[in-house]
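A short reminder: the numbers here are calculations on the coordinates, not readings from a lab. Here the structure is a predicted model, which is why all the values come from computation and not from measurement. Note that we place each Cβ from the backbone using ideal geometry, even for glycine, and neighbour counts take in every protein chain shown.
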Amino acid sequence: MTRREVLAWLEARRPVPPDALRGRLAAAVSDADLAALVPLPDQLAVLGRRVLGRVACRPDGGRELALELLAADAFITYAFEAQAEADVAGLAALAGRVGAGDGDGDGDGGAGGGGS
């Protein structure tokens, strides 16, 4: 999916997330190098892992990281929602990929290259 398609999918989610979180999600998508041929659930999972990675790299961080942590959680949750919409039978495989960190943006052909 393209960046525009991912943003449109996120905008269609109900209930709508709070404005600050919605803005953070949109910013993460806009800043990402997304690969158009990667399925939406995997793209969302990669985004979640990237955002979580930024949080994990700041062990001394405090409340200022709360929105980032919420964004990471939202992306992973949305990854499973997107997978359930596309093919519920693929949920276990997605869980395996998320848990293993497959396609987490480290240049292995995931949802786009580029680090954080």
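Computed quantities for the displayed model
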| item | result |
| --- | --- |
| Sequence of 77, 2 once ranked by neighbouring C-beta atoms within 10 Å, starting from the fewest | 2, 77 |
| Options 94, 44, 71, ranked by Cα towards positive dipole end of the chain, top entry (Cβ charges) | 71 |
| Ranked 25, 37, 91, criterion: other C-beta atoms within 10 Å, fewest first | 37, 91, 25 |
| Fewest-first sequence of 64, 11 by Cβ atoms within 10 Å of each Cβ | 64, 11 |
| Rg to Rh quotient for the chain, alpha carbon positions, Kirkwood Rh | 0.94 |
| For the range 13-19, 3J(HN,Hα) per residue [Karplus equation, 6.51 cos²θ - 1.76 cosθ + 1.60, θ = phi - 60°, Hz, x = Gly/Pro] | 5, 10, x, 6, x, x, 3 |
